[in-house]
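The values are calculated or read from the model by the stated rules, or taken from the named source; none is laboratory data. All values derive from a computational prediction rather than experimental measurement. Methodologically, a virtual Cβ is constructed for each residue, glycine included, from the backbone with ideal geometry; neighbour enumeration extends over all protein chains shown. Surface accessibility is based on the protein's heavy atoms, side chains included, excluding ligands, DNA and RNA. Shrake-Rupley method; radii C 1.70, N 1.55, O 1.52, S 1.80 Å.
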Amino acid sequence: KNEVEQSPQNLTAQEGEFITINCSYSVGISALHWLQQHPGGGIVSLFMLSSGKKKHGRLIATINIQEKHSSLHITASHPRDSAVYICAAHRENGNQFYFGTGTSLTVIP
Amino acid sequence: GAVVSQHPSWVICKSGTSVKIECRSLDFQATTMFWYRQFPKQSLMLMATSNEGSKATYEQGVEKDKFLINHASLTLSTLTVTSAHPEDSSFYICSVPRWAGVPGELFFGEGSRLTVL
């Protein structure tokens, strides 16, 4: 069983739709990261969370430490949001990061 | 600007040759860097943790003699794919965690696409 599970694996949405990607983890963490990987391969860190909620533009990330669950929301989705979104758990008391398998998002105009 | 620079971004080589990929931390010193491999439509797979001044820590199933890692300075780690074969063709990417300032902040290189003919 993976330490980090993401769902859904693939997601297709119409432009303007509200999108949610979920991430569950089984290890104790010091932080949870949401990453965005575009088709060219480059990866950008969107959020680093240890509690509560963060917002950046149309992106919102939340985390529930007790339930070991995090969500990434995209409001008013746009075709340029099409990418693979990956959650990564930074294990507490160490250097280890565990990665989810990614959610491939396609937003159709 | 970029915090981590990875070079080359793509490389094509003949089977049997060795290929070196560099990962540079531009903004801060890094005692640790991570190397990943990614096959098409799959997620990142951690290959090894590069430690400045000491041996790299390899994940299970990764051949250390095949994938040589050198972290000679606080800003540079290199991954050398030795005697490359077509099955080594993949996307290799490094990441650098920043432990100071905002601990655990993670920065990624642009990735290196290797094609072995």
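Before moving on, here are some points about what is shown:
- Taking residues in the stretch A:77-99 that are at the interface with chain B (Cβ under 10 Å from one of its Cβ atoms), and partners anywhere that are open to solvent by 60 Å² or more (accessible area, probe 1.4 Å), the pairs with Cβ atoms closer than 7 Å and at least 6 places apart or on different chains are A:Tyr98/A:Glu3; A:Tyr98/A:Arg91.
- When B:Glu110 is tested against (1) open to solvent by 30 Å² or more (accessible area, probe 1.4 Å); (2) within 9 Å of chain A (Cβ to nearest Cβ); (3) modelled with pLDDT of 90 or more; (4) closer than 30 Å to A:Asn93 by Cβ, just one condition goes unmet, and that condition is (4).
Results for (1) of a type in the set (Phe, Trp, Tyr); (2) touching a Ser or Thr at 6+ places or on another chain (Cβ under 6 Å); (3) modelled with pLDDT of 95 or more, shown as yes or no for each residue.
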| position | (1), (2), (3) |
| --- | --- |
| A:Glu3 | no, yes, no |
| A:Ile19 | no, yes, yes |
| A:Ser24 | no, no, yes |
| A:Gly28 | no, no, no |
| A:Trp34 | yes, no, yes |
| A:His38 | no, no, no |
| A:Val44 | no, no, no |
| A:Phe47 | yes, no, no |
| A:Ser50 | no, no, no |
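- Failed criterion for A:His69 (all others in (1) at pLDDT 95 or above; (2) within 11 Å of another protein chain (Cβ to nearest Cβ) hold): (2)
- Lone qualifier among A:Ser45, A:Ser30, A:Ser7 - being hydroxyl-bearing (Ser, Thr, Tyr), surrounded by fewer than 19 Cβ atoms within 10 Å (Cβ to Cβ) and under 30 Å from B:Pro8 (Cα atoms): A:Ser45
- Check on B:Phe91, over 20 Å from A:Asn95 (Cα atoms) and open to solvent by 40 Å² or more (accessible area, probe 1.4 Å): no
- Leading residue by the ranking (surrounded by the most Cβ atoms within 10 Å (Cβ to Cβ)) among those in the stretch A:33-42 that are at the interface with chain B (Cβ under 9 Å from one of its Cβ atoms) and under 23 Å from B:Ser9 (Cα atoms): A:Leu35
- Single residue of the stretch A:10-24 satisfying the filter (within 12 Å of the chain's Cα centre (by Cα) and among the hydroxyl-bearing types (Ser, Thr, Tyr)) that is surrounded by the most Cβ atoms within 10 Å (Cβ to Cβ): A:Ser24
- B:Lys41 more than 10 Å from the chain's Cα centre (by Cα), surrounded by fewer than 20 Cβ atoms within 10 Å (Cβ to Cβ), charged (D, E, K, R) and on the phi > 0 side of the Ramachandran plot: yes
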